[in-house]
Amino acid sequence: MIETRETFCRFCHAACPLHIDVEINSTGARTQEVVVAVRGIMEDPLFEGYTCIKGRQLADQHHAPDRLRNPLQRSDDGSFVEVTSKNALDDIAHRVQAIIAAHGPRAVATYTGTGAFQNSISMPVTQAFHSGIGSPSFYTSITIDQPAHLTSRLRMGAWEAGWQNFRDADVLLAIGYNPLVSSYAPAGGLQGTNPFVRLRRAKERGMKLIVIDPRRSELASFADLWLPVKPGEDPTLLAGLINVILQESLHDKDFCDRWVDQLDDLRSAVTPFSPEMVATRCEVEAADVLTAARMFAAGPRGTAGTGTGPNMAAHSTLMEHLALTLNAICGRVNREGDVLESGNFLYPGDTRRAQVIAPSDPAPGTPHRVRGLKGMPGEMLTNALAEEILEPGEGKVRCLFVCGGNPVVAFPDQLKTIAAMKDLELLVVIDHRMTPTAELAHYVIPPRLELERADVPTVMDRRFASAYVSYTPAVLQADGDLLSEWEVFAGLAQRLGTPIPLPGGDLPLDGSADDDMVLDFSFAKSRLPMSEIRAKRSTIHEELAIKVVAADSDASARFVVAPPDVVEEIAVVLTESTGAEVIDGFDATKFPFRLISRRLKHVLNSLGREIPGLARVGTTNAAYMNPLDMRDLSLSDGELVRITSPSGEVVGVAEGSDTIKRGVISMSHSWGGSITDEDVRLHGTPTNRLCTVESGRDPINGMAIQSAIPIAVTKV
Ligand SMILES: Nc1nc2c(c(=O)[nH]1)N[C@H]1C(S)=C(S)[C@@H](COP(=O)(O)OP(=O)(O)OC[C@H]3O[C@@H](n4cnc5c(=O)[nH]c(N)nc54)[C@H](O)[C@@H]3O)O[C@H]1N2
Ligand SMILES: Nc1nc2c(c(=O)[nH]1)N[C@H]1C(S)=C(S)[C@@H](COP(=O)(O)OP(=O)(O)OC[C@H]3O[C@@H](n4cnc5c(=O)[nH]c(N)nc54)[C@H](O)[C@@H]3O)O[C@H]1N2
Ligand code: SF4
Ligand SMILES: [Mo]
């Protein structure tokens, strides 16, 4: 018997609606369910059938012969043996209890990666487990991704009603993001909901697109103006755009008078960034700097926003500050009467006032023991985790849960990360496959995968292009001794006698909880009740969209666009000339190239290349280079190159592409294993071997340089 069931994809965050055909085979008391087809839903009012190559492989992902179906424990000889989930949790709880008793709760840490982000009941329960045991050591992939979105908005102040919407933008300034591949965009950008069609419609209504990217990305190929910035020089370019706008008085004066502070300080800080100076530093045309500034300022609606590229380069908090400043001085905020594009249904609060939320400490979190860093609200900095594990003394992290992540290939400074994983007294990895990180674990616990669990789209609820409601029940029977992330943490809490405090109260730990109960407890304060979210799933409810109300009559907070540390850092950028000086050991003559990051359509970070339909697209993260650079190095397509940074060395597979700026190598991250060897054609290159956490960090969010890495390239 074949049954069609409705769900949404969670391979990535974009939550594309799907129909899956499930073949149900019953033999005696046992039924087996097999997904035999996966397709987009043409009738869906928002996605209109859109899916991508990854989502269409869900059947193979769920039914992969090498998918882990029982927990594994590492033996003394390094091999893994299958154990029951009950025995695994008993032993893990026992060890966690001993570590807490001897060293305090901070010694117990969790790193939650991408695999737990499109997983709406994993994150709240994990966080609640941490509050239950009293450990601040909660880490996520956000702090090796784009933490500057948060740190900059805290420092500068934010607009309660948000930046303007994409749907009626006249102009879009996209700085280092590429939603046509990543399905990702910052607020106000082109989101991953059917992005090709929405971009085409926006261009048809006359929207101007400006893209800043060292590579003619898929998005840049549709741009009215493409600025191929030198990697790492975005702060210079953005300061230059602000300079033109202020010199030519193109900013929104009324808005600035009412809501923006320190405009004169900003003006003097950016005055040295003339179009000519910027053109030289950024290797773009001075005329294009002028055109970009004027095109953006002309608006009248539309926003600037940044993605992973410049957020992973030097000075990321400053870079984001300058991008947000463009929006602030041009008044690109939702005003009274405007309607928010996305539903924001899963979060509390129906009211958005047209006013500034006061600036505050950008790093208000738990202090780190290393390098004077401080955490973000509710989480610590993943870029400091390896050091928190390796650094002896009180507070040392001794136990780590990795929840849907792959530190060995994702964290900067791969050798230090591997040393840290090996130093742990207890490493528990929750993953359905044997990753390079899982190979180092004491326990590997396989979870139920997406089709086997209920979910709401936590990332997209604030990003959908309409007030779209979405929910899915579990649509496939799970097979094996599997534990969802929340079941691992609830099981441990039950054994430790600690609570799982959620917005709806303490989660019952008597075995009565299921996915839907966890959803109800986690989203108990959502502005649309979970019961209505379930009832209204897959429909648009513009009548429920949030309409912006007037500012309070005494609203006094204003954006601070030129606080002293910003002015100081702009002055530092002015003295630099390559965007890479912040890295110790950098020498412009020794490291003339820049390695930049990118996403590939057929994988999600380290996930995907084990699936046959995706491996067919490619089994390595090629080192894409400009053909003229290849000619100078006597390189042909497919030949091996040695890539050396001030702190590491890897081998990559060269591939010519005229979309890449000269002097740049574009490679995606999280490939390879824990070693870099001649098998790069088969496994890819672990580019994070080239990153360091010793120098070049962002002063506020601690981001290491993970894109715009200075490198040398030679033929092997
Ligand atoms: N140089 C450089 N470094 C980078 C980046 C870069 O651009 N350049 N990008 C950074 C960014 S943005 C990120 S987000 C990180 C990625 O960092 P991570 O999130 O640590 O890496 P992933 O490879 O996405 O790991 C996700 C894991 O989750 C597993 N998984 C999938 N589904 C599930 C599930 O339902 N449950 C569980 N428990 N596991 C599941 C997958 O098998 C995979 O092993 O890397 C960062 N590192
Ligand atoms: N298919 C697919 N989708 C994904 C992922 C994936 O691995 N595959 N990963 C997911 C994750 S974890 C995230 S965080 C999002 C990220 O989503 P995006 O931020 O859109 O990521 P990218 O597609 O890598 O786009 C980054 C762009 O920045 C450019 N760039 C690199 N360095 C610089 C620089 O110094 N300055 C400027 N201006 N540009 C630069 C790159 O050329 C690239 O085009 O995507 C998510 N979606
Ligand atoms: S973009 Fe692709 S991987 Fe992401 S949710 Fe949609 S179908 Fe799934
Ligand atoms: Mo990410």
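The values are calculated or read from the model by the stated rules, or taken from the named source; none is laboratory data. Remember, predicted model here, so these are calculated numbers, not experimental data. All Cβ positions, even for glycine, are placed from backbone atoms using ideal geometry, and neighbour counts span all protein chains on display. The accessibility values were calculated without ligands, DNA or RNA, using every heavy atom of the protein model including side chains. Shrake-Rupley method; radii C 1.70, N 1.55, O 1.52, S 1.80 Å.
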Gyration tensor on Cα atoms of the stretch 2-63, a ≥ b ≥ c root eigenvalues, a/c under 1.5 rounded, else prolate if a/b beats b/c, else oblate, says prolate
Taking Cα pairs closer than 8 Å and at least 6 residues apart, the relative contact order of the chain in percent is 19
Over 30 Å (Cα to Cα) among Lys203/Lys230; Lys86/Lys601; Lys525/Lys547; Lys203/Lys601 -> Lys86/Lys601
The rounded separation in angstrom of the Cα centers of the stretch 596-671 and the stretch 491-550 is 42
Arg662 and His541 label points (each 7 Å along its Cα→Cβ direction) are spaced in nm at 5.7
Under the rule rounded for a/c under 1.5, else prolate if a/b exceeds b/c, else oblate, using alpha carbon gyration tensor axes a ≥ b ≥ c, the stretch 148-334 is classed as rounded
By the C-alpha gyration tensor axes a ≥ b ≥ c (rounded if a/c is under 1.5, else prolate when a/b exceeds b/c, else oblate), the shape of the stretch 261-332 is rounded
Taking the dipole of the chain about the Cα centre (Lys, Arg +1; Asp, Glu -1; charges at Cβ), the one of Leu690, His368, Phe591 that reaches farthest to the positive side is Phe591
Subtracting the Cα-Cα distance of Lys253 and Ser79 from 0.36 nm times their residue separation yields 55.9 nm
Given unit charges at Cβ for Lys, Arg (+) and Asp, Glu (-), the dipole magnitude of the chain about its Cα centre in debye, nearest 20, is 740
One finds, for Lys715 and Thr619 with R0 = 35 angstrom and r their Cβ-Cβ distance, a FRET efficiency to the nearest 0.05 of 0.95
Env charge @ Val171, Cβ radius under 13 Å, K,R +1 / D,E -1, value +3
accessible surface per residue for the chain, probe 1.4 Å, DNA/RNA/ligands not counted, whole Å² -> 35
Subtracting the Cα-Cα distance of Val197 and Ala64 from 0.36 nm times their residue separation yields 44.6 nm
The size of the Cβ-based charge dipole (Lys, Arg +1; Asp, Glu -1) of the stretch 580-716 about the Cα centre, to the nearest 20 debye, is 400
In whole angstrom, the spacing between the Cα centers of the stretch 42-110 and the stretch 224-278 equals 47
When the charge dipole of the stretch 562-716 is computed with +1 on Lys and Arg Cβ and -1 on Asp and Glu Cβ about the Cα centre, the Cα farthest towards its positive end, among Gly613, Leu574, Ala704, belongs to Gly613
Plugging the Cβ-Cβ distance of Val549 and Ser221 into 1/(1 + (r/R0)^6) at R0 = 35 Å yields, to the nearest 0.05, a FRET efficiency of 0.30
Counting only protein heavy atoms with a 1.4 Å probe and every protein chain in place, the carbon and sulfur fraction of the accessible surface of the stretch 148-334 in whole percent equals 51
Dividing the mean separation of Cα pairs under 8 Å (6+ apart) by the residue count of the stretch 340-407 yields a relative contact order in percent of 16
Residues other than Ile20 with Cβ under 15 Å of its Cβ, Lys/Arg counted +1 and Asp/Glu -1, net out at -4
Reported to the nearest 10 Å², Trp226 has, with a 1.4 Å probe, an accessible area equal to 70
Charge dipole of the chain built from unit charges on the beta carbon (Lys, Arg +1; Asp, Glu -1), centred at mean Cα; most positive-end Cα among Pro508, His149, Leu483 is His149
Taking protein heavy atoms only, a 1.4 Å probe, and rounding to whole percent, the accessible area of the stretch 519-622 owed to carbon and sulfur comes out at 57
Once Ile144, Ile675 are ranked on solvent-accessible area with the largest value leading and a 1.4 Å probe, the list reads Ile675, Ile144
For the stretch 2-63, the percent of accessible surface on carbon and sulfur atoms (probe 1.4 angstrom, ligands and nucleic acids excluded) is 48
Subtracting the Cα-Cα distance of Leu628 and Lys86 from 0.36 nm times their residue separation yields 189.2 nm
In deg cm²/dmol, rounded to the nearest 500, the helical mean residue ellipticity at 222 nm of the chain, built from -39500 (n - 2.57) for every DSSP H run of length 4 or more, is -7500 deg cm²/dmol
Between Asp350 and Ser531, Cβ-based FRET efficiency (R0 22 Å, step 0.05) works out to 0.80
